[in-house]
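Take a look at the structure below.
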Amino acid sequence: MPVWTEAQPRSSARSRALIGAGSVMLVALIGAIDYWSGTEIAITIFYLVPIALGAWFVGSRTGYALALLGASAWLLADLYGGHPYSSPIVPPWNAIVSLAFFLLTAWALAARRRTEQRLVELMDIKSELTSMVSHELRTPLSCIKEGIDIVADGSCGELNAQQQTHLRTAKRNVDRLARLLDQVLTFQKLEARRMYVEIENADIGRLARQALEEFELPARKKGLSLALELAPKLPQVACDRDKIAQVLGNLLSNAVKFCDHGAIRVRVARLDGHVRVEVADQGPGIPAEDLERVFHGFTQLAQEPGKHVEGTGLGLAIAQQIVELHGGRIGVDSRPGAGATFHFTLPVREKVATERFVAALARGA
């Protein structure tokens with residue numbers, strides 16, 4: 001069952017008007033309570049509720065107007081509440097102090113709100129720009145790749161060995177650039193909560209086996225061995241098969257990149273109502289101070305001298321967001337010189353619960 005997850009829409013003009021009107025009514029209600037309670041019960045703090053709502057959801061002008069209205073209501077309650085103060089200067093003094101406090105609160109909240117809105121706008125601009133550039137690059141890349149294939153298969157004439165070598169190099173780099181663009185687009189969709197997921201019951205053991213088969217050749221080229229350990233009677237999980245396969249692929253790709261010898265093991269087991277998947281390698285390991293950064297986007301950790309691993313640094317960030325979108329958790333256990341074990345969990349869900357799970361995803365849970 002497909003579902004879109006999207007960011008929450010901004011407040012409409014109608015909702016802002018309703019909040020503004022409701023805040024005015026709330027100030028009037030608090031003022032009436034203040035009038036009847038007199039000086040025996042402190043009502044001051046309650047005026048901040050409508051002022052805060054107006055400043056945050058409507059704007060600074062509304063917040064200032066509500067601050068003035070609240071101070072005026074307080075002054076009228078003090079003057080005509082039937083409980084006179086010892087000095088006639090106390091009511092206006094209270095009103096002036098409260099007005100200053102209310103105005104400061106409204107200004108601070110409105111300023112914070114404007115800053116957050118500006119940050120959201122900048123993030124939207126960045127996301128749209130990245131997506132636009134990535135999409136625009138796809139078309140010329142496809143044309144370049146098609147042209148290379150036509151020349152490489154001999155349709156335009158025979159090629160000598162040197163020409164074939166250059167074409168293979170060009171094709172390899174075009175394919176690599178296409179993969180990088182796909183990673184950037186996937187990351188932007190996840191960041192914007194616009195990832196399309198189709199939830200169905202899946203055999204996680206089969207997905208792990210298929211992922212290992214895809215990396216058998218690149219692992220063999222580096223002299224690495226691959227092993228799969230499946231616990232007996234594994235339950236099915238409700239997930240998007242392609243997305244979880246992408247998570248497995250990203251973890252295995254990361255292991256093959258950084259591991260130069262030994263074995264890479266994939267373990268799948270059931271643990272406390274979850275299925276736990278581990279990808280363990282015998283690579284150089286990760287220092288303790290870098291463990292918190294491995295899942296950050298566009299981040300690559302320090303590498304061994306003389307060794308350069310290409311990539312965008314998005315693979316693990318994408319894996320984390322996909323796993324969390326499914327209600328699971330992802331992490332890593334590692335220390336320098338002892339390899340790394342990346343692991344993630346997916347909740348075990350019966351077939352009858354699939355539709356409820358999809359509804360949770362639709363709400364961005």
**Prompt:** From the list GLN188, GLN117, GLN183, which one is in a helix (DSSP H, G or I) and modelled with pLDDT of 75 or more?
**Reply:** GLN117
**Request:** Please specify each residue of the range 270-289 satisfying the condition of being surrounded by 12 or more Cβ atoms within 10 Å (Cβ to Cβ) and within 23 Å of ALA245 (Cα to Cα).
**Result:** ARG270, HIS274, VAL275, ARG276, VAL277, GLU278, VAL279, ALA280, ASP281, GLN282, GLY283
**Asked** Which residue pairs have Cβ atoms closer than 7 Å, lie 6 or more positions apart in sequence or on different chains, and pair a first residue in the range 320-346 that is assigned by TED's automatic domain parsing to the domain that holds GLY285 and buried (at least 21 other Cβ atoms within 10 Å of the Cβ) with a second residue that is part of a strand (DSSP E or B) and among the polar types (S, T, N, Q)?
**Response** GLY328/THR345; SER334/THR341; ALA340/SER334
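Collect the residues in the range 42-61 that are assigned to a helix (DSSP H, G or I) and surrounded by fewer than 24 Cβ atoms within 10 Å (Cβ to Cβ), keeping them in residue-number order. Before you say what the answer is, go through the steps one by one.
Taking the range 42-61 first, the residues assigned to a helix (DSSP H, G or I) are 44-57, 60-61.
Listed by number, the residues that qualify are THR44, ILE45, PHE46, LEU48, VAL49, ALA52, LEU53, TRP56, PHE57, SER60, ARG61.
Is one or more of the residues making up the range 248-261 of a type in the set (Gly, Ala, Ser), within 19 Å of ILE322 (Cβ to Cβ), assigned to a helix (DSSP H, G or I) and out of contact with any helix residue (DSSP H, G or I) (no Cβ under 7 Å at 6 or more places or on another chain)? So that I can check it myself, show each step before the final result.
So the first thing to find is which residues in the range 248-261 are of a type in the set (Gly, Ala, Ser), and the list is 249, 253, 255.
When the remaining residues are screened for being within 19 Å of ILE322 (Cβ to Cβ), the result is 249, 253, 255.
Subsequent filtering for residues that are assigned to a helix (DSSP H, G or I) retains 249, 253, 255.
Restricting the remaining residues to those that are out of contact with any helix residue (DSSP H, G or I) (no Cβ under 7 Å at 6 or more places or on another chain) gives 255.
Within the range 248-261, one or more residues are of a type in the set (Gly, Ala, Ser), within 19 Å of ILE322 (Cβ to Cβ), assigned to a helix (DSSP H, G or I) and out of contact with any helix residue (DSSP H, G or I) (no Cβ under 7 Å at 6 or more places or on another chain).
Residue by residue, here is whether (1) under 26 Å from ALA263 (Cβ atoms); (2) of a type in the set (D, E, K, R); (3) surrounded by 14 or more Cβ atoms within 10 Å (Cβ to Cβ); (4) over 28 Å from the mean Cα position of the chain (by Cα) holds:
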{"position": "CYS156", "(1), (2), (3), (4)": "no, no, no, yes"}
{"position": "ASN160", "(1), (2), (3), (4)": "no, no, no, yes"}
{"position": "THR169", "(1), (2), (3), (4)": "no, no, no, yes"}
{"position": "THR186", "(1), (2), (3), (4)": "no, no, yes, no"}
{"position": "ARG209", "(1), (2), (3), (4)": "yes, yes, yes, yes"}
{"position": "GLU216", "(1), (2), (3), (4)": "yes, yes, no, yes"}
{"position": "SER225", "(1), (2), (3), (4)": "yes, no, no, yes"}
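Of everything in the range 258-269, what is modelled with pLDDT under 90, under 14 Å from ALA227 (Cβ atoms) and surrounded by 18 or more Cβ atoms within 10 Å (Cβ to Cβ)? Give them in sequence order. First the steps, then the outcome.
Kept after step one, since they are modelled with pLDDT under 90, are these residues of the range 258-269: 258-262.
Narrowing further to those that are under 14 Å from ALA227 (Cβ atoms): 259, 262.
Once the filter is applied, which keeps residues that are modelled with pLDDT under 90, under 14 Å from ALA227 (Cβ atoms) and surrounded by 18 or more Cβ atoms within 10 Å (Cβ to Cβ), the range 258-269 yields only CYS259.
The values are calculated or read from the model by the stated rules, or taken from the named source; none is laboratory data. Here the structure is a predicted model, which is why all the values come from computation and not from measurement. All Cβ positions, even for glycine, are placed from backbone atoms using ideal geometry, and neighbour counts span all protein chains on display.
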